[in-house]
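Here the structure is laid out as structure tokens; the discussion comes afterwards.
The values are calculated or read from the model by the stated rules, or taken from the named source; none is laboratory data. No experiment lies behind these values; they were computed from the predicted model shown. Please note: Cβ atoms are built from the backbone with ideal geometry, for glycine as well, and neighbour counts cover all protein chains shown. Side chains included, ligands, DNA and RNA excluded: accessible areas come from the protein's heavy atoms. Shrake-Rupley method; radii C 1.70, N 1.55, O 1.52, S 1.80 Å.
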Amino acid sequence: MGTIEGVTVPPLTHEMKVMVRRNYWDFYREHAGEPYPEHLVRGAAKALDNLQRVLEDEGVTVTRPDPVDYAQTEFRTPHFESTGFFNADIRDVVLAVGDELIEAPMALPPRYFEHVKYHSLLQRYFERGARWTAAPKCSMGQHMYDYDYPDEHLAFFRGDPNVPDDVGPLAGHYMTNEAEPCFDAADFVRFGRDIVVQRSQVTNELGIKWLERHLGSEYRIHRARFRSSGPVHIDTTWVPLGEGRVLTCPARPCLSPDLLDMFKRAGWEIIEAPEGVAPAEFQLSSRWLSMNLLVLDEERVVVDQHEEPTIRMLKNLGMKPVLVDFKDHYVFGGGLHCATLDVRRRGELKSYFD
Ligand code: ABU
């Protein structure tokens with residue numbers, strides 16, 4: 001699980017606009033480099049502690065990064081200068097595939113050094129037998145981003161259904177180009193030996209190819225498209241609920257017939273997630289954090305205790321919702337899946353889609 005202490009408001013550069021909802025752009029312009037308001041950090045830290053307690057009560061071993069004072073995080077590379085880091089979402093930074101932990105190259109400058117926060121934790125896993133890999137870090141130089149990408153298209157937030165088909169990612173046009181491989185780990189979702197990925201504002205085709213070639217024939221990568229005007233991270237769009245069931249976001253329907261066929265042929269049920277209850281339009285995420293669930297096993301799913309419609313859906317499916325008060329973490333853009341990384345699970349590695 002991640003930690004939130006020390007989060008700093010990132011500068012609102014052109015590329016950061018894919019992360020931040022338009023009505024917060026002025027806040028980010030005014031407060032770049034400053035700590036986020038203390039009451040927000042305190043609330044999110046408490047939500048994370050709630051989650052840790054609930055997971056431990058369910059018998060999950062939870063490890064968290066050592067506390068590090070990142071309050072002073074200005075940095076400069078030969079290609080850019082920035083401040084970092086702005087959330088607790090380890091899911092974006094590290095991909096766990098089998099016994100391998102892969103540091104994602106990331107795509108946004110404030111996240112360049114985010115892996116450092118997890119370094120000693122990853123080293124401890126390495127010492128206990130995990131394979132530890134870092135994907136080639138991209139430079140995050142200006143040549144990687146499309147500076148002609150219009151602000152008004154960057155302002156179409158993830159899953160806004162009113163966006164016409166001929167703009168932005170809906171027309172195959174992204175803010176990141178293909179100059180260097182980049183990806184955030186949260187654009188990949190694992191189904192045993194099959195991994196579904198979306199080309200997003202922070203994951204490009206070269207990044208996907210890097211992972212595909214790196215993992216080799218043991219895993220199959222499936223590229224998928226969803227109707228989203230600003231895709232960033234797949235874990236509020238296509239979310240496994242255990243063997244045979246996947247949740248789909250009604251605001252971001254799947255546009256890949258091959259993927260739908262693959263799931264249907266294997267007998268998987270594709271279930272529309274209910275609307276979330278939180279009225280807020282979070283500054284760093286869509287309102288679909290309600291479906292950003294943490295599945296513990298075939299029966300138990302961790303879900304925010306306020307998300308009544310989702311809780312009802314899980315019960316109707318015969319699953320056991322494990323409730324946690326996590327809503328105060330949403331402001332930093334991360335739900336239960338984002339803030340966690342399941343590193344070790346019982347069971348066998350399966351192929352579901354032969
Ligand atoms: N980090 C997950 C956010 C995805 C979304 O905004 O829907």
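When the chain is treated as a GNM, springs tying every alpha-carbon pair under 10 Å, which of 292, 50, 87 comes out with the largest mean-square fluctuation?
Evaluated over the chain, the most mobile residue of the options is 50.
Can you list the residues, at least 5 places off or on another chain, whose amide H is less than 5 Å from the amide H of residue 97, using H built in the peptide plane?
102
Could you check how much of the accessible area of the stretch 165-268 is carbon and sulfur, as a whole percent, using a 1.4 Å probe? Intermediate results must be reported in sequence, preceding the final value.
Numbers: 1790 of 3710 Å².
After summing per-atom areas, the C and S share lands at 48 percent.
Separation of the stretch 218-277 and the stretch 117-174 by C-alpha centroid, Å?
About 19 Å separates the Cα centre of the stretch 218-277 from the one of the stretch 117-174.
Picking from 136, 228, 147, whose Cα lies most toward the positive end of the charge dipole for the stretch 134-240 (charges on Cβ: Lys, Arg +1; Asp, Glu -1)?
The Cα lying farthest towards the positive end belongs to 136.
Can you find, among 249, 333, 292, the residue farthest towards the positive end of the dipole of the stretch 225-354? Put +1 on the C-beta of Lys and Arg, -1 on that of Asp and Glu.
249
Quick one: Karplus J couplings for the stretch 215-222, per residue in order, coefficients 6.51, -1.76, 1.60, θ = phi - 60°, nearest Hz, x for Gly and Pro?
6, x, 6, 5, 10, 10, 9, 10
Please tell me the relative contact order of the chain in percent, rounded to the nearest whole number, where contacts are Cα pairs under 8 Å and at least six residues apart.
19 percent
Based only on the alpha carbon positions, what is the Kirkwood hydrodynamic radius of the chain, in angstrom? Show your work: numbers first, answer last.
Values: mean 1/r = 0.0490 Å⁻¹.
Hydrodynamic radius (Kirkwood, Cα pairs) of the chain is 20.4 Å.
With θ set to phi - 60° and the Karplus curve 6.51 cos²θ - 1.76 cosθ + 1.60, what are the ³J(HN,Hα) couplings of the stretch 262-275 in order, to the nearest whole Hz, using x for Gly and Pro?
Values per residue, Gly and Pro as x: 4, 5, 5, 4, 7, x, 6, 8, 9, 10, 6, 5, x, 4 Hz.
Amide H neighbours of residue 145 under 5 Å, counting only residues 5+ apart in sequence or on other chains, H built in-plane at 1.01 Å?
177
Could you pull out every residue, at least 5 positions away or on a different chain, whose amide H is within less than 5 Å of the one on residue 306? Hs are placed 1.01 Å off N in the peptide plane, and Pro or chain starts have none.
The list, which skips near neighbours in sequence, is 326.
For a quick check of your reading of the filter: which GluC sites (Glu not before Pro) in the stretch 158-232 sit in a DSSP loop and have no more than 14 other Cβ atoms within 10 Å?
On the way: sites: 178, 205, 212, 218; in loops: 178.
Those satisfying the criteria are 178.
Of the trypsin sites (Lys or Arg not before Pro) in the stretch 120-186, which ones lie in a loop per DSSP and count no more than 12 other C-beta atoms within 10 Å? List each step's numbers first, then the result.
Details: sites: 124, 128, 131, 137, 158; in loops: 128, 137, 158.
Those that pass, being in a loop and sparsely packed, are 128.
At 1.4 Å probe radius, can you tell me the per residue accessible area of the chain in Å²? Show your work: numbers first, answer last.
Working: 15160 Å² over 354 residues.
I get 43 Å² per residue for this part.
Spelling out what I want: for every residue of the stretch 93-104, take phi, set θ = phi - 60°, compute 6.51 cos²θ - 1.76 cosθ + 1.60 (Karplus), and round to whole Hz; glycine and proline get x.
9, 10, 10, 9, 10, x, 9, 10, 10, 10, 6, 6
Placing unit charges on C-beta atoms (Lys and Arg positive, Asp and Glu negative, everything else neutral), compute the dipole magnitude of the stretch 15-332 about its Cα centre in debye, rounded to 20. It would help to have the intermediate numbers written out before the result.
On the way: 36 positive and 51 negative charges, 110 e Å.
About 540 debye.
Ignoring solvent entirely, what values of log10 I(q)/I(0) come out of the Debye formula for the stretch 97-254 at 0.10, 0.14, 0.15, 0.20 Å⁻¹ when each Cα is a single scatterer?
-0.39, -0.75, -0.86, -1.36
How much of the DSSP beta bridge set in the chain is antiparallel, as a percent to the nearest 5? Don't skip to the answer; put the middle values down first.
Details: 18 of 36 bridges.
Antiparallel: roughly 50 percent of the beta bridges in the chain.
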